[in-house]
Every structure is written in structure tokens, then in C-alpha cells.
1. Which one is farthest from D:L13 (Cα to Cα) among residues in segment B:270-283 that are more than 7 Å from chain D (Cβ to nearest Cβ) and either crowded, with 20+ Cβ neighbours inside 10 Å or of a type in the set (K, R) (or both)?
2. Just to be sure, is C:V267 more than 28 Å from A:D83 (Cβ to Cβ), more than 7 Å from every other protein chain (Cβ to nearest Cβ) and either surrounded by 23 or more Cβ atoms within 10 Å (Cβ to Cβ) or more than 28 Å from the chain's Cα centre (by Cα) (or both)?
3. Checking B:A301 against (1) buried (at least 21 other Cβ atoms within 10 Å of the Cβ); (2) of a type in the set (A, V, I, L, M); (3) free of Cβ contacts under 8 Å to residues at least 24 places away in the same chain; (4) touching a Lys or Arg at 6+ places or on another chain (Cβ under 8 Å), which test does it fail?
4. Suppose we filter C:L39, C:L26 for residues that are more than 14 Å from every other protein chain (Cβ to nearest Cβ) and in contact (Cβ under 8 Å) with a residue 24 or more places away in the chain; which single one remains?
5. Residue pairs, Cβ under 8 Å, 6 or more apart or interchain, first in segment A:105-134 and over 14 Å from A:E181 (Cα atoms), second surrounded by fewer than 16 Cβ atoms within 10 Å (Cβ to Cβ) and not hydroxyl-bearing (S, T, Y). List them.
6. Pick from B:A241, B:A188: which is under 26 Å from B:V304 (Cα atoms) and touching a Lys or Arg at 6+ places or on another chain (Cβ under 9 Å)?
7. Quick check, is A:E131 of a type in the set (D, E) and within 26 Å of A:A199 (Cβ to Cβ)?
8. Please determine, by comparing only the residues of segment C:13-27 that are part of a helix (DSSP H, G or I) and acidic (D, E), which one is modelled with the highest pLDDT.
There are 4 protein chains.
Amino acid sequence: MPDLWSGRLPGGLDPEARRFSASLDLDWRLAPYDIRGSLAHVEMLAAVGLLTPPERTEIAAGLEALLAEVLDGAPPWDPDAEDVHSAVEAELTRRIGAVAGKLHTGRSRNDQVALDLHLFIRDAVPRTLAELHRLVDALLIQAERHQTTVLPGYTHMQRAQPVPLAHHLLAYVFMLHRDRERFRAVYAEADRSPLGAGALAGSTLPLDPDLSCAHLQLGRLYENSLDAVSDRDFLLDYLAAGVQTMLHLSRLAEELVLWSTREFGFVRLRDGWATGSSMMPQKKNPDVAELIRGRAGRLLADFVGLATTLKLDFDMTGPKMAS
Amino acid sequence: MPDLWSGRLPGGLDPEARRFSASLDLDWRLAPYDIRGSLAHVEMLAAVGLLTPPERTEIAAGLEALLAEVLDGAPPWDPDAEDVHSAVEAELTRRIGAVAGKLHTGRSRNDQVALDLHLFIRDAVPRTLAELHRLVDALLIQAERHQTTVLPGYTHMQRAQPVPLAHHLLAYVFMLHRDRERFRAVYAEADRSPLGAGALAGSTLPLDPDLSCAHLQLGRLYENSLDAVSDRDFLLDYLAAGVQTMLHLSRLAEELVLWSTREFGFVRLRDGWATGSSMMPQKKNPDVAELIRGRAGRLLADFVGLATTLKLDFDMTGPKMAS
Amino acid sequence: MPDLWSGRLPGGLDPEARRFSASLDLDWRLAPYDIRGSLAHVEMLAAVGLLTPPERTEIAAGLEALLAEVLDGAPPWDPDAEDVHSAVEAELTRRIGAVAGKLHTGRSRNDQVALDLHLFIRDAVPRTLAELHRLVDALLIQAERHQTTVLPGYTHMQRAQPVPLAHHLLAYVFMLHRDRERFRAVYAEADRSPLGAGALAGSTLPLDPDLSCAHLQLGRLYENSLDAVSDRDFLLDYLAAGVQTMLHLSRLAEELVLWSTREFGFVRLRDGWATGSSMMPQKKNPDVAELIRGRAGRLLADFVGLATTLKLDFDMTGPKMAS
Amino acid sequence: MPDLWSGRLPGGLDPEARRFSASLDLDWRLAPYDIRGSLAHVEMLAAVGLLTPPERTEIAAGLEALLAEVLDGAPPWDPDAEDVHSAVEAELTRRIGAVAGKLHTGRSRNDQVALDLHLFIRDAVPRTLAELHRLVDALLIQAERHQTTVLPGYTHMQRAQPVPLAHHLLAYVFMLHRDRERFRAVYAEADRSPLGAGALAGSTLPLDPDLSCAHLQLGRLYENSLDAVSDRDFLLDYLAAGVQTMLHLSRLAEELVLWSTREFGFVRLRDGWATGSSMMPQKKNPDVAELIRGRAGRLLADFVGLATTLKLDFDMTGPKMAS
């Protein structure tokens, strides 16, 4: 059943092809979004009469149970499932039977995947913003404290003019302010529902995409079904905002590394935020700052990876990624 | 004179070091922005009394003459100048004498370079937007014409559902709409003046940065001098918007390449927009579409190059790029 | 004990710093190499008299037991360990007691990490080569079969001249031949032992790095201790070879996608290597080929990520990566 | 004539398309290689009887004259030519008339472009190797001088163990040794002739590609015509070797920047290799080192750009780049 459902030909995928295509380890974190999307779809189907009230109740209850388990940290029910969507569908079918198949009414894997990604980003951005907010607060507290602390300002790493430390720290506050603006713009882009777009050209069924959109508290629908299923701009925007942010944090981290050298000696790291050396007890290594400094590379790599993958997509229905 | 002015030590740079550092071939296109920035700086200096009226008149006239020549397409006056800023300064000094040196009052190379880049992007964005507008118009005209033309919609490059060509083309209109929004956001970011920030910590002179900002019709000042001289976010934002746009255009170009194959045969390229082959007269090659398809790679490369360069900057006064 | 051992200051890392620094989920696959490296180190220490025969026996037996478990697929003994090295050390100490600490004699985390990476690549390359060999064989079999099958050769995706399919497939064989040469060069680079380099400047103990090198069947030692601990060239070479290979495979996959379209129709995918669609039963999607096509982006991203991270390293003892 | 020759349809390219396709500013530096390749092709054509002795003499003399002008630094004869190949052909035709067209016998633009790139890289690698040799010599001289100079060795930018400066500098010598090995491998890859491969499937004429290969002193022919015209591996290998080298030089430059800070104070830059500041006369800026440090980003960007462009190529006859 699940194999037919997920578009398998008779006989199913060759085991080696299946192993190669499997993406569950990567996309399992989409599980709560996948289930929430299905819940909204069920409500819409019931509202327009494509599900009977008992069907709606049964499927929704099944999905709610799965969601509760996922939010509780449960691992995939079937670790050999090909992807998160198949894993959820198969488990739902196992629990409530063939009625689970009705979830496919008026929905395709294409608009389903696109929706999962929208919900994922819509959830991720506020958490990122909250972290940035914490950091800005920390910088402001230090700036408040160090209004009269003066340190050398550098150009070309040569001492140039004295600068209050508060002024120096506030420069980061302004950078992070721009970063937060970028993430807010990403949120607005992600805040849309592709449901109703189907595989690429909508559906002949009397669907009401506004209803599922409202149920998910998403801001608006896409105007065009081909754009709805293939748009990944918001993912790349998210990574671009991440690259900018990490460049700022990398600079800050680099300064902490430099300032905590014996030669500069501008800061002393708190013990819990540095590491030592059994051979050289006098040492205090700025590991955490070093790791932050290096993370910009990872974000840049992700940006390149996604951009390169998107470049390949020319059949208008979204890149063929392992999720 | 110019060597002292541009910060050279006695004896000047070693010729090999000078050749290595030279960036005039890359940054000469900044010349009009550099001169306009200087003109605004002169107005401000005169307004606050740091230039006498005759000095103001003399320097401004000299700059206006240089600007006229640059806009007329003149090549660098001295092709061996180290960079565009030195080239402009040296030529101004050659023409009007030592009074040109007053242009350095209350300004450093750091806020000067940052300003040039702001003015460059502020100029580039509207031209990009106008080009995107032209393309959207062309797509809308075709969409209007092809409301009843139906072509196969593809998923995984396999025929899936029929789609009106108009619907297909409008998907690109919506993508380009998002691209234009991105470029508008870049404009808002670039629309600021760093003048007054000096090398990194402002100046003790009674400058009025609001005046030069207004003279340049820039939207606002930076709040922090360190941020003002080191901010290159708007450059990376510009390239990120460019990457997204080129991914969309690359997809469109890829479709034109595919559709103009004999096998698909959905479009016939106009003769002036294809090339043939002397050996194979039946051929019609979609060169232009192929080139567009490949440009996304160039933008992505520029993004990586700038991000990597910015990563190195940790003395808070802007990356050390050849321009 | 483990905290002091791994260079922790009194009090240990702040829990948040520890969580941030943790890399066990990424580097656990280094575990067999880490243990094998320790085994070779033990043999050397015993040979030069820095371990007594009973110490050698006890530590080696402990390590062998851990290795057997790891090769058997065991998960980390302590999932909260900071990294693979700490996890192994802590578990060994738990099992055989304080004698485990002797493993630190004449070795630092720096040469240990470098060694693990060498062993990892030395192991990975032959497996990659074997896979490429399999692919070349498959191409040769098809080429043999299709010596008289003629298909159109394309330039600019327009039909140009007829080409035997065998000739077309052999082009890939020659590309893959170059790829194999590249991987063989990577093997030669990775086939060296950094043991004996210590943190960065060797050791005053009477170590014999040739012995551990021979025990690991590595080709040769590094000539310079700073180079030994900081060299990651072979990792970047490995990824560069991977990028080239994936560009070739991506091209092959792209052709399979194109050739399996209804419009081209040059190949028919075997059922087990394609997927269908419940809504559109006539469809046969080339998912596997699409995934291969997209993998070049992942390799390119990894290359960018590693190169960017390496760029930050300027204290000569290897990049500060989460392994 | 040139338009037909270079594969133009009647009426020629639309001026806007032509402007967009033009690449002469980028590929003019290929001119000497393009002409040398044509000279070798002429010799081969004459040897197999496809050119008469007078034709051979006339064309070769014309090409030699063009080559002399190019090597003398002449700009393009027609700045509006589309690319370097068209520019050379058109000028040759202008000078010697229709006989110039015989140069097309048994050669296509595809094997011609591929050959130009091979010759370009074969020429570039020895120059790169010579520069690296100079640098190694300079490092060896300093190492010789500083065998007893001891400086702190750093890990995590914290002082760890003392290290002789000679030892530190020799680490770079070993890195550069690997870089030179990489460039030598690139040379071996580039040292091949694609002539004879034609557009993609060779030619029915009785060509003797071994002759033109020998005339160009290239090491060997390609075994497969499709591989011959589409292989760009050696370009990407060249950039990969460049990335590695620049990562090493970037690290060295970073150290010079750091060591020349007032805080570290390990080196004093020679006046001709530093810049000062008119406002801050005590400053000595390590501009050259900063520029070198940043160049790794440019190489990495070029690598990404080329890899992304190559990814698009799936018609087996080389990427569609502007040159």
C-alpha cells in the first residue's frame, strides 16, 4: 500500500535504489510540520465535503496521536521508510487502516513537501530572532558597563584611534539589527501556503485552499500553482540571512580570540567558556569563539549547496532533493 | 604629494608591491561616485566654514570638470595610479594645485571608499529593476497572447498535466516580483551615508554629516562610525538578490534551450537570437539562452568571493579588497 | 578525570558551552581510526620502553575490545561525550582504570586528530575507487553491447552528428579514469603519519614515530611537526576529486533524465530504478538519476565549507573544526 | 564572410544578442594560443595534402604576422568582434583574403576552443611554478638565517611551546612543495591535444592529429573525441591547486599581519612594503599581506564559478561559457 501510495511501480524500488534515495535521517525533523500540514488539509477536506465527519474525526485523531509522539521525541516508526512523508503515511495506515489514504485527496507530494518547508522556516525564524535578541541584550549590557572603557581602534590591525568599548560593541548591535530585519523579511516570504497547487496545476476537486491556509495561520496563498510548488526562494533567503549573521558573529568571535591572546590581553575568558591543556596548565583556549568563527563557513557552504541544487531544477515543480 | 596624501611612507611603495596593490583597472568604474562624493564633502566643508568660498569654488569646479570627463567615457588620467581615489586626487592636484589637498579635511580613505560603494549600489539597483521590469512586461505580453495555448506540464521531466502557457509564464512573473522586492530592500540598505565616520571614530572637526548626506540625496546617516566604515552588508545583499534572480532566469533559459530542441520543439528561436553552423546548416543554436543559463554560476561565485573576503575582516574598518 | 585529560579547566566547561562544542554526532565515525591510532601508539610506547609489557597488554586489550564493539556498530558509550576522542578515552578509563592515562604519553590531541583524519581518508579512497571501478565496468559492458547503436550527437542541445553509443559511453570511461587518478594521488597524500609531532613541536621523550607509522602501514612520516599537525590538504584534495567526479556523474545522470523523457525516448528505465505516480499511472520518474545529478552541489558545498574553515587557521596547528 | 564562418544565420545576430554574447574583453588573452594552434593546424593540413604549399605559406605567414603583433601587446584589431577566434579569423581574412577560410578544413570551433585552453594552462603552470620556486627560495634563506631565532608556537592563538623560526618557515616550504606537485599534475593533464575531434565526432577527412600535436609539443592526444572537446577537468584542477596554494599563502600573510601588530611585534615590515597614514604618522600598514590574505577568496570564487558552469553542460561538447 504505501509503495503504491508514494508512487512506486509494481515490484517497488530496487533495494539499492531505495537505499540511495532514502532521506529519512535528514528529513525526520520535518515530521511535526508534515503532520500539522496534513491536519489542516483534513479540516479543509471535511469543510468542503470531501471527507465525512467520521472520516475527518478518525484521520485527525490518528494524526494528533502521531504528532504527540513526534513532539515527544519519538524516532521514526519505521527507520527504513524512504522519507518522512512515507513514514508518516505508512504509520497512519497501520493504525487507522485504509481511510488514511483519503489524505491524498486533492493533495500531491509536491505541494505537501513545499508546505512542510514553509512551516519549518516559519518556525525556525522566530527562534533565530529570539537568539539574536539575547545576544543584542548581552552586548547592550556590556556597552552600558563600558561607556568609559577605552581601547585602541585598529585599522589594518595597527592601532589608529582610541575608541570607547561601548562604541565598539554597539557597532555589532547595529549589524545584528540589520540581520534581524533580514530574518523578518524571510518570515514574510515563508508565511504562505502552497496547498491546493497539487502536483503543479491544481486540482479539479472543489478544494478551498484558503481554509487550510487559515487553519495553519499562514499569511496568504500563492497566486500561481507552478510557483507554489517550485518556490524555494525563502530557503535561500534564510541561508543568505544566516551567512550575513554568521559573518558578523565570526568577526566578533575573531576579536575575542585575538583579544584573549597574551599579546593583546584585552579580555579574560571565564573558565567555563575556555579550555585548558593538561600539558600546558597556563593555557586558556578560546574554543567556543574559535568554533563560532568557523561556522560562517558552514553557512556559506549550505548556501552554495542549495543554490547549486536549485540551479538544476527546470521542470517547475521544485528541486529534486533528498527532502 | 599624492603619495603622502594616500598614506605612503617616505620613499613610497616598492614598485613590485605597487603593481601588486594596484586596483585601478577594477575600480575605475567607481570614479563618478568618488567625485560626486567629494563634491558633497566640499559643500559640507564650505557650509561649516572649513573651506573658504573661493576654495570651495575652485575645488568644486575642478571636480565638476573631472566628473564631466569621466561621464564622457574618459580613461584614467594616469593609468599607473594605484586606485581610483589616488587617480582622482592626483589629477585634481595637477590641475588646481595644493588646494586640492583640503579635500582631505575631515574625511578618511575609509569613509570615502564606503561612500563610493553606497553610491555605486544606489545607482545600480534602479537599472537592475528597470531591466527586470522590461522582462516582466515581455512575459506578460506573451502570457496575454497564449492564454489558450496548452503545453504539457512536467514533473521529473516526465509529462504530468497540461498547463496553459500563460500560467507557466506567469510563474516567472511572480518569481521576478520577489526578486524586485529583494532589490528594493537592497536599495534601502545602500541608501545611507558613512561620511563623517572618518577612519573609524569620527573627527574632532565641526563637521555636519547631515549636509553631505542631504547633498547626495541619501536617505540617512549611519548611527555608529565603526559600523559606517566597515558595513558591506548591502554589497552581499545585492549579490544574494542577484543569485536568486539568476537562478530564476537560469531556469527560464534552460527551458528555452530544452524547448528549442528538435525533440521538444515547443519554441522556434528568432534568427537574430540564435546561431547556426557552417558545417550543419540545419542547426539553430540557442547560444543566448545558454549563456544566461550559465550566468547564475558567476553570481554565485561573486557571492562566495565577497563573503570569504568579508570573513577576514576583523579590525572593524572594512575589508581590505582591491577596491 | 576525562575532563582534566581533555584539557578542561577546573570546574569544567559551562553546560551551554559544552553543548555548543559537542561534535560526537559528527565524528563518531572516526572512532575505529582513533582506536587503531591509539593501538599503534601503544606498540611504539612499549617498544621504546615508555610502557611496561603489562601496561601495554592491558591497554591494548582494552582498546581491542572497544574496537570490536565499534566495528560491530555500537553507538557511543556516552552519548554526552564531547567528541569521539573523549568518548573513547573515558570508556577505556572506565574499563581499565588510570593506566589508560598513559596513552597520553608523547601524544597530543593535535597529532591524534590529524592521524584519525589520515586513516579515515586512507580507508575511504579505496572504497571510492572500487565503486568507480564498478561503474566503469558497467559502462564498458554497455559500450560492448552498443558498438553499432547510433544516436544523435548534440551540440547546444541541437542534433549535430551521429555518434555510436559505445563512443559516447567511453567518453565517460575516460573521465572516470582521470577521477581515479585523482583519488590515487589523494591516497598518496593521506598515506602519512603525523604521530610524534605532538601539539606542534614534537616531544622531548625518546619516541620512535617510525614504529607507529609502520604499525599503521602508513607510507611515511611528515618532515616537519608544524606541517604534520596542521596539514589538511589531503581532505581538500579528496573533496576536489569528489567535485570533479560528481560533475562527471551529474552529466551522465542529466543525460539519463533527458534521454528518458518521452520527447527524447532514448532509454527506458528499469522499473526498480524509477518511481511512478498513483495519480498518473503512465509516468516513470528517473528519481535516482535526479538525485545523482544534484549531488555535485553537495560536494561543491563541502569543498567551500572546508576551504573557508581552513582559511581561518593561522596558528599552525590545524583548523578548529568540530573534528 | 566572418559571420557565415562563425556559424551565423543569414541576417546575423541581433545587435543586443551580439553585445550580450561578446566575450572579447575576457578572452583576448587567449589570442596567442589561438594563433599558435592555427599554425600547427596549418602544418598538419599541408602535410596531409589538404593545403597546397602556396596556401600553407600564405596562411602561415599571415598568422605569424598576427602572432607577432599580439605578442607585442596589440589590442584586438576589431574591438567589436564577438570573441577572440572571430577576431583572429576576420583580421586574417581582411589581410590575405578568402584563402584564410581554408583554416576551417577539418577543424571545428569546439576542438579549437579546447586547444586554446590547453595551451593557456600549459603556459600558465610553469610561470606559477617559477613564482612558487622564488618564494620557497626566499623562505629557505630566512630559515637559514633564523635557525636559532626562537618564537612562541601557538595553539588556539595561545602560546604553547617555543619553536625555532626556521622550523616554522620550513613548514611553509613543505606546504608549497605539495602545491608544486599539484601544479605539476595539472600540467600533465593539460598537456594534450584535442585537435582532430572536430565538433564532437572527428572528421571524415584524412587528418593526422599526431602531427599537429607534435608541432605544438603537446604530450599526447585524447583517446575519445567527445571527451576531447568537452574536457575541462584540467581547468578545475588548476583552480583547485590555486585554492590550496592561496590557503597556504593566506595563512602566511595572516601571520605577517598579526606579527607586525604592535602587540605581537615579531616582524617589522620594510618601508616599501607597507603603507602609512597622513593622519597617523606612526602607522605602518601591512597592505600587501592583507591583500594576499584576501586572494584565497577570489580563487575559491573562481572554483565555484567554474564548477557551477560545468555542471550545466550535458551535451558533451564543452560548457557554453563566454570563452
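1. B:K283
2. no
3. Of the numbered conditions (1) buried (at least 21 other Cβ atoms within 10 Å of the Cβ); (2) of a type in the set (A, V, I, L, M); (3) free of Cβ contacts under 8 Å to residues at least 24 places away in the same chain; (4) touching a Lys or Arg at 6+ places or on another chain (Cβ under 8 Å), the odd one out for B:A301 is (4).
4. C:L39
5. Note: pairs meeting the criteria are A:T105/A:L205; A:G106/A:L205; A:S108/C:M279; A:F120/A:R29.
6. Only one candidate passes the filter, namely B:A241.
7. Here the answer is no, as A:E131 does not meet what is asked.
8. Looking at the filtered set, the residue picked out is C:D27.
The values are calculated or read from the model by the stated rules, or taken from the named source; none is laboratory data. Everything numeric here is computed off the predicted structure, so don't read it as measured data. Positions of Cβ are backbone-derived with ideal geometry, glycine not excepted, and every protein chain shown enters the neighbour counts.
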